[in-house]
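Heads up: the structure comes next, in structure tokens.
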Amino acid sequence: MYGGYVGKILRIDLASGAVNKLNTLNYVPHFIGGIGLGYRLLWDEIKKDTTEWSSENALIFTSGPCCGTPVPTSGRAEVIGLAPQGYPIPWAAVSGFGGDFGPKMKFAGYDAIIISGKATSPKYLFVSETEVQLLDAEFLWGLTNYSTQDALLSRHGDDVAIACIGPAGENRVRWAAIMSKRKNAAGQGGFGAVMGDKKLKAIVVKPGSVEVPIARPDKLLAEVQKVSAEMSPKGQNRNPLFTDTGRYTIRRASCAYSGCTASINACLPCYFNGVPLKYTGYGSMSGSLYCAGAAANAFLLKSGYSQEVNFEIGKLVDQLGLNAWEAFVGMNWFLQNCNNAGKLPKIMGEAVELNRNGPAVYPKTELNAGFTAELAVKWLRGVALREGEGDVWAEGTPRGAEMVGLSGEVWRTHKHGYGPHWDGRYLHFIHYPVWVVSALSWATQGRDPFNQEHGYVERYTSFVKEWSNQSLWATDTIPYREICRAGAKIYGVQYANEGWDKPELGYVDKEYVAVWHNHRAIIKSSIPVCDRQFPLLYDPDKEDKIGDVDAEVRLFNAVVGTDWSLDEMNKAAERVFNVMRALHVRQGRNRKHDESILRYYEQPANWPDEPGPQTMDVNKFLDLLDRFYKLRGWDKDTGCPTRAKLEELGLKDIADGLASKRQTGG
Amino acid sequence: MTEEKLPESSYIRWNQKECSACSRCLTACATYHCGAVALHLSAIKWVEGESLHVFRHPLFCKQCSHPECYYACPLRDVALCIDSVTGARYIDKDECIGCGKCIEACPFEVKRINLDEEKSIAIKCDLCRGRVGGPVCVAVCDRQALILVTRGGE
């Protein structure tokens with residue numbers, strides 16, 4: 001018997017109301033939990049022709065073995081399914097959220113919940129240790145996320161955890177979020193629209209007496225203390241949690257099961273800076289009523305607005321249940337580009353002129369699209385309620401652009417249906433060759449570029465002394481040369497981090513770095529722990545500058561009772577990565593889709609004073625993609641996992657599933 | 001019934017200003033004492049309060065100077081005892097019969113004692129008697145929002 005898992009997976013068909021329970025141990029520990037478990041369940045649930053709106057389409061909520069334990073940042077749940085935001089095909093994708101839904105789903109007795117079928121009228125699902133009930137939700141339909149939760153908390157008690165949708169999800173907006181509490185959201189992917197399509201307003205889990213067993217309690221508690229200390233940059237935990245003497249609240253959270261939060265998936269060290277005090281009150285936690293600060297929201301509005309206005313726009317997004325990332329760092333910049341090119345003089349019927357100093361104009365970069373608050377409210381409400389032109393943008397950026405004849409502009413900001421994210425072109429201006437790895441990762445993802453690999457691009461970038469003006473972490477920094485030496489050991493290849501000051505090395509060995517982080521992304525979203533914190537790559541205090549890179553494995557072993565090495569954990573992650581790829585291949589994915597990111601990188605990175613190139617070298621990148629496929633054991637021409645690779649990973653049934661479509665490439 | 005004056009107990013003080021409401025104290029308590037985590041296995045209770053717009057926070061046993069739980073226990077000094085070192089009012093798991101009298105007697109609206117119905121024992125803060133390094137909740141709180149106030153302190 002393993003620790004960490006509670007042993008059952010709940011499956012409900014909303015059409016018939018039929019409930020079954022699967023045995024978690026048929027899937028773990030070899031699929032770990034979290035997104036690993038989720039991708040495997042999704043493969044079993046859906047067929048080749050299943051679309052995001054098919055009745056048989058499944059929406060899967062999972063947690064992992066460390067969720068509900070004292071493991072720092074483990075309070076996470078994951079949503080897995082066919083993502084309406086994906087383009088041109090709704091690629092299978094994942095989106096995580098923090099808070100108490102994951103732990104309480106386990107305390108109610110389930111490691112995962114599979115939602116299949118469609119209800120004919122609005123329902124919500126109530127799950128407790130003894131009951132699974134599909135209840136009428138007519139009285140909730142049309143309510144915002146906050147009102148919905150208030151009503152459900154009144155009915156079922158303060159101790160329940162809730163995942164729900166707002167009007168945007170009900171109206172099948174392709175970038176609708178699933179929200180939990182005031183501050184947690186599964187935003188990317190648009191899974192809120194899948195809930196809405198299934199007429200499922202909310203899932204309520206009531207914690208019961210189900211116990212999450214811990215295989216090695218003493219070992220776990222020792223590891224928790226060690227890792228917790230390591231993951232907090234120097235002095236971070238000594239910063240004041242909040243200041244209540246000024247106008248705004250600042251709060252830094254540590255997480256166990258309150259995990260990661262906020263509509264933009266901020267997590268430890270959650271910086272809830274700039275929440276107006278009038279919303280929080282003195283001495284209270286910003287997160288209880290409202291949480292995330294106004295930082296991301298400022299990317300939408302033109303400069304000059306007060307923090308309060310930006311914050312309130314952010315909360316409107318949460319209440320409507322839109323994906324804040326797409327609103328503030330995706331579609332807004334697409335609209336801005338079109339407006340600046342004179343191709344979209346009106347938005348929501350109003351003649352507008354957006355910010356001309358766009359987010360990618362060096363050196364006069366202004367990170368805002370330039371909406372007025374009035375236009376922002378009109379646009380956001382229009383999208384969520386599908387009013388007027390909002391109905392167009394409710395279809396997401398690439399599909400909306402098609403509808404109004406602006407397809408030619410989409411490449412600047414969106415690929416696979418998602419806007420920029422740590423790719424070095426918009427918002428996160430990272431250095432060459434960091435964005436080469438980012439590009440390689442984006443090529444083969446179903447989602448945004450570094451959707452679960454902040455541990456590489458954000459942490460690494462912040463540790464380099466020469467780049468330290470980019471630091472978000474208040475850490476000590478490390479000279480680039482020492483980072484290169486440490487990287488060679490971490491990744492096992494000489495030129496892993498090389499290229500910044502020796503541009504000819506920028507594409508060398510980068511396939512190993514991408515594969516390494518692909519796997520780490522799966523590990524941390526499967527056990528689960530925070531994406532921004534892990535892996536703990538570097539440590540300025542260590543002589544070799546290498547951080548605690550196998551922390552996740554030790555935490556997993558202590559909870560579950562396994563004795564896995566990092567290599568064994570990586571093998572499990574490779575298994576999951578190939579299930580994800582197989583799902584995409586079955587949906588029609590091929591090398592051309594992967595290469596669709598190339599044009600995006602024709603746009604320069606914004607470091608013209610540096611020695612490295614500012615745009616993608618297409619030939620070098622295609623060669624790198626070849627090497628990546630080879631390292632992965634994928635067919636070079638199709639990008640499909642080979643039968644040999646799938647069988648090596650114990651995925652013979654998936655190889656058979658793909659073989660019938662002649663897609664295994666030998 | 002005469003009630004002799006009991007020794008004061010050490011106790012855990014919660015510092016709201018430092019607490020980030022992460023719940024790690026709760027999960028660590030259950031992990032250390034029960035080798036498993038569930039809300040009822042922890043001696044630390046939790047106020048959610050989201051609907052009331054109040055701060056989510058933990059609730060700790062006060063180790064009362066006049067412990068109603070202790071006086072209510074039918075096996076006083078056998079099942080519910082006083083630790084000679086810390087003064088903690090603690091439950092001897094081997095002796096507790098799970099009658100629930102201590103829970104009934106706890107004067108707080110949110111009772112600070114839990115019942116493990118399966119094992120038929122009450123779960124109450126014992127300040128981690130005998131644990132090297134002191135109470136586990138204090139040890140894992142990386143904000144140092146929990147403070148062990150030793151008896152005679154303050």
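The values are calculated or read from the model by the stated rules, or taken from the named source; none is laboratory data. Values in this document were obtained by computation on a predicted structure and should not be read as measured data. With ideal geometry, Cβ positions are generated from the backbone for all residues, glycine too; neighbour counts draw on all protein chains shown. The accessibility values were calculated without ligands, DNA or RNA, using every heavy atom of the protein model including side chains. Shrake-Rupley method; radii C 1.70, N 1.55, O 1.52, S 1.80 Å.
Got a number for carbon plus sulfur as a percent of region B:11-149's accessible area, 1.4 Å probe? Result for region B:11-149: 52 percent of the exposed heavy-atom area is carbon or sulfur. In region B:110-146, comparing the full protein assembly with the chain on its own, the residues that lose 40 Å² or more of accessible surface at a 1.4 Å probe are B:142, B:143. For region B:11-149, a crude dipole built from +1 on the beta carbon of Lys and Arg and -1 on the beta carbon of Asp and Glu, taken about the Cα centre, is about 380 debye to the nearest 20.
Rg/Rh for region B:11-149 (Cα atoms only, Rh after Kirkwood) is 0.95.
Projected onto planes of every orientation and averaged, the convex hull of the alpha-carbon atoms in region A:140-184 covers 2.9 nm².
Under 16 Å of direct C-alpha separation, and excluding same-chain neighbours fewer than eight residues apart, residue A:226 reaches these lysines: A:234, A:542. Database remark: amide H of residue A:538 closer than 5 angstrom to the amide H of A:547 (H placed geometrically; neighbours at sequence offset of 5 or more, or on other chains; Pro and chain starts carry no H).
Note on region B:52-130: percent of Cα-Cα distances in each 10 Å bin, starting at 0 and stopping at the bin with the largest distance, equals 19, 53, 22, 6, 0. Among A:320, A:36, A:98, which residue has its Cα furthest toward the positive end of the charge dipole of chain A, with +1 on Lys/Arg Cβ and -1 on Asp/Glu Cβ? It is A:320.
If you plug the beta carbon distance of residue A:465 and residue B:99 into 1/(1 + (r/R0)^6) with R0 = 45 Å, you get a FRET efficiency near 0.10. One way to sum up the overall shape of region A:299-382 is the equivalent ellipsoid from its Cα gyration tensor, whose semi-axes run 19, 15, 11 Å, largest first. Residues in region A:180-187 carry Karplus couplings, in order, of 9, 6, 7, 9, 10, 8, 9, x Hz; the curve used is 6.51 cos²θ - 1.76 cosθ + 1.60 with θ = phi - 60°, and Gly or Pro positions show x. For region A:2-77, the Kirkwood estimate of hydrodynamic radius, built from reciprocal distances between every pair of different alpha carbons, is 13.6 Å. Within 10 Å of the Cβ of each residue in B:12-25, the mean number of Cβ atoms contributed by other protein chains is 6. In this structure the amide hydrogen of residue A:215, modeled in the peptide plane, comes within under 5 Å of the amide hydrogens of A:3, A:4, A:560, A:561, none closer than 5 places in sequence on its chain.
Between beta-carbons, use under 12 Å as the cut-off and find the net charge around residue A:574, counting Lys and Arg +1, Asp and Glu -1. Don't skip to the end; give the middle numbers.
Numbers: positive: A:520, A:571, A:575, A:581, A:632, A:645; negative: A:567, A:568, A:648.
Spelling it out: positives minus negatives among the neighbours equals +3.
Per residue, the convex hull spanned by the alpha carbons of region A:61-185 comes to 117 Å³.
Might you report the magnitude of the Cβ-based charge dipole of region A:391-492 about its Cα centre, with Lys and Arg at +1 and Asp and Glu at -1, to the nearest 20 debye?
Its charge dipole is roughly 420 debye.
When the protein assembly as shown is described by a simple charge dipole with +1 on each Lys and Arg Cβ and -1 on each Asp and Glu Cβ, the residue from A:144, A:516, A:538 located farthest towards its positive end is A:144. Charging the Cβ of each Asp and Glu at -1 and of each Lys and Arg at +1, and nothing else, the dipole of region A:1-119 about its Cα centre rounds to 220 debye. For the protein assembly as shown, the normalised intensity computed at q = 0.05, 0.09 Å⁻¹ comes to -0.25, -0.83 (log10 of I(q)/I(0), Debye sum over alpha carbons, equal scatterers, no solvent). Peptides A:396-403, A:84-91 ordered by packing proxy, namely the average of other Cβ atoms within 10 Å per residue, highest first: A:84-91, A:396-403. The mean number of Cβ atoms from other chains found within 10 Å of a Cβ in peptide A:224-230 is 3, as a whole number.
Looking only at Cα atoms, what is the convex hull volume of region A:395-496 per residue, in Å³?
111
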